[in-house]
Amino acid sequence: MYSKQESAQLKQQFWTAFGQYMQPVLSAEGERINWINYKTGEKDIYFRMQADNKKAYIAIELTHKDAGLQALYYEQFEQMHALLSNALNEEWTWQLHTNDEQGKCISRIYTELYKVSIFKREDWPLLISFFKPRITALDEFWSTAKHVFETLR
C-alpha cells in the first residue's frame, strides 16, 4: 500500500512518461498537441484518460450542467456513432446521464482495461498501449466531427 504522497508521485511519473512518449506524435491536423490534457475546444466536452490500481479507462465526457443540453450533445454523438466506431476500430460503452466519481451528472462514451495498475511499473507498457491508439483515434474522429458541435454552441 502506498501513502497518498507516494500514490500521487507514481501517477505523476506515469503521466509524465506517457506525455514524453506521445510528444513526437502530431495531431490528425499535423500540429503539436498536449495528449494528456486534450483540448476539444468545446466547453463541457472532454477526452479523459484515467488509471488507478485496478483498471484504466478512456472516455468522451459530456459535463454540461443542463441535462437537456447534455442530452442534445449526446444525441449528436449518437448520430456520429458509425464515424466514431470506425475511427476507434471498436465499440465503446455509451451512458446517458450517469454520475461521475464526485456524483456529478455526466454522459460518457468510454472503454476500460481491467487488471492493470498505474502503481505497477510493469503495467505501464500495457497502459500506454491502451491509451495511445485510442487517444489518437479520438483526435482523428474529432478533427472531422468538431465542426458539427460548433453549430450547437
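The values are calculated or read from the model by the stated rules, or taken from the named source; none is laboratory data. Small disclaimer: the values here were computed from a predicted structure and weren't measured. All Cβ positions, even for glycine, are placed from backbone atoms using ideal geometry, and neighbour counts span all protein chains on display.
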Practice task
Test each condition in (1) modelled with pLDDT of 95 or more; (2) surrounded by fewer than 16 Cβ atoms within 10 Å (Cβ to Cβ); (3) touching a helix residue (DSSP H, G or I) at 6+ places or on another chain (Cβ under 8 Å) for residue 85 and report the one that comes out false.
Solution key: (3)
Exercise for the section: Run down 102, 95 and say which single residue is modelled with pLDDT of 95 or more and not hydrophobic (A, V, I, L, M, F, W, C). Expected result: 95
Completion exercise
Residues in the stretch 98-112 that are among the hydroxyl-bearing types (Ser, Thr, Tyr) and more than 14 Å from the chain's Cα centre (by Cα) total 1
Practice task
Would you mention how many residues in the stretch 62-72 are surrounded by fewer than 19 Cβ atoms within 10 Å (Cβ to Cβ) and in contact (Cβ under 8 Å) with a residue 40 or more places away in the chain?
Solution key: 2
Fill in the blank from the handout: Residue count, the stretch 129-147, condition touching a helix residue (DSSP H, G or I) at 6+ places or on another chain (Cβ under 6 Å) and either of a type in the set (Val, Ile, Thr) or within 24 Å of residue 20 (Cβ to Cβ) (or both), comes to 2
Handout entry: Close pairs from the stretch 36-48: first of a type in the set (Gly, Ala, Ser), partner surrounded by fewer than 16 Cβ atoms within 10 Å (Cβ to Cβ), Cβ under 7 Å, at least 6 apart
Key = 41/146
Exercise for the section: Scan (1) surrounded by fewer than 13 Cβ atoms within 10 Å (Cβ to Cβ); (2) modelled with pLDDT of 95 or more; (3) within 17 Å of residue 142 (Cβ to Cβ) for the single condition residue 58 breaks and write down its number. Expected result: (1)
Practice task
Please enumerate the residues belonging to the stretch 1-16 that are under 17 Å from the mean Cα position of the chain (by Cα) and in contact (Cβ under 8 Å) with a residue 60 or more places away in the chain.
Solution key: 11, 14
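Residue by residue, here is whether (1) surrounded by 14 or more Cβ atoms within 10 Å (Cβ to Cβ); (2) within 23 Å of residue 127 (Cα to Cα); (3) among the hydroxyl-bearing types (Ser, Thr, Tyr) holds:
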{"residue": "18", "(1), (2), (3)": "yes, yes, no"}
{"residue": "23", "(1), (2), (3)": "no, yes, no"}
{"residue": "26", "(1), (2), (3)": "no, yes, no"}
{"residue": "42", "(1), (2), (3)": "yes, no, no"}
{"residue": "46", "(1), (2), (3)": "yes, yes, yes"}
{"residue": "89", "(1), (2), (3)": "no, yes, no"}
{"residue": "99", "(1), (2), (3)": "no, no, no"}
Problem - Some residue of the stretch 113-134 being outside any helix (DSSP H, G or I) and under 15 Å from the mean Cα position of the chain (by Cα) - result: yes
Completion exercise
Pairs returned, first residue in the stretch 90-106 that is closer than 13 Å to residue 59 by Cβ, second residue that is surrounded by 13 or more Cβ atoms within 10 Å (Cβ to Cβ) and at pLDDT below 95, beta-carbon separation under 7 angstrom, 6 or more apart or interchain, are 106/100
